[in-house]
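Report on one structure; see the data block that follows.
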Amino acid sequence: MSQDRERVLGKAAELLTRKPTASTDEIARAAGISRATLHRLFASRDTLVRALEELGIRRLTAVLDAARIEEGDPEEAVRRLVAEAEPVAGFLAFLVTENQLFEPGELNEGWVRVDERVGALFRRGQEQGVFRIDLTSAWLTEALYALITASAWAVQDGRVAARDSGRMATELLLGGVRREQEREREQEREQGKGQERAR
């Protein structure tokens, strides 16, 4: 896929996530190209949507690989995942919200694999006693997607600084998902650090 095509898809994802009914004229304007050029790249709106799905899943798979979510401490893996996902948050938001992609029985296998890998990260955290077991891995997966998506929208709207968005999303998620004893240990560690600094 050419870089021009990928750039157009990135702009289309940003627009369609916030305005699913956007016309092809609006999509072309958002991408900084003419409607004719958009039609040369994508023969129809459906072709554009499917191309967005394909590129989004490829990028998300690369994010999971770069974050090494199957390795090390589950909490640190979540932190790496959020950090790596920030640049593709628009695609994630599009994949999560675009109804055309989720017709009954037609869920893309690539998306299923992404979902399974993220769910496995949360299950591993639960099995290791790091994450709460009263919240299902499926729910935690959806919560992660929702926070990354909301974070991207907040940055796009100028309500949150880009440099803060990932940290805030991570802390909110982990603050709710940690098991109580893990939370207490984290507080003890923070208190210890504060005492060390005070000396």
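Please arrange 95, 174 by how many other C-beta atoms lie within 10 Å of their C-beta, fewest to most.
Ranked by crowding around the Cβ, least crowded first: 174, 95.
Ranked by Cβ crowding within 10 angstrom, fewest neighbours first, how are 151, 23 ordered?
By the 10 Å Cβ count, ascending, the order reads 23, 151.
Using only the alpha-carbon atoms of the stretch 1-63, report the extent along each of the three principal axes, biggest first, to the nearest angstrom.
Extents along the principal axes, in whole Å: 31, 24, 19.
What is the local net charge at residue 83, summed over the other residues whose Cβ is closer than 15 Å to its Cβ (Lys, Arg +1; Asp, Glu -1)?
Taking every other residue near residue 83 into account, the sum is -3.
Residue 168: net charge of surrounding residues, Cβ under 15 Å, Lys/Arg +1, Asp/Glu -1, itself excluded?
Combined, the nearby Lys, Arg, Asp and Glu give 0.
Kindly state, to the nearest 0.05, the FRET efficiency for residue 39 paired with residue 4, given R0 = 22 Å and r defined as their beta-carbon distance.
Using R0 = 22 Å, I get an efficiency of 0.95.
Would you grab the residues whose amide H sits under 5 Å from the one on residue 160? Only those 5+ places off in sequence or on another chain, please, with H modelled 1.01 Å from N.
155
If you bin the C-alpha pair distances of the stretch 21-105 every 5 Å from 0, what whole percents do you get?
For the stretch 21-105, the binned pair fractions read 3, 13, 18, 18, 17, 13, 9, 5, 3, 1 percent.
Only the coordinates and a few stated rules stand behind these numbers; no lab work does. Computed from a prediction, not measured in an experiment: that's the story for all the values here. Neighbour counts are summed over all protein chains in view; Cβ atoms, including those assigned to glycine, are modelled from backbone coordinates with ideal geometry.
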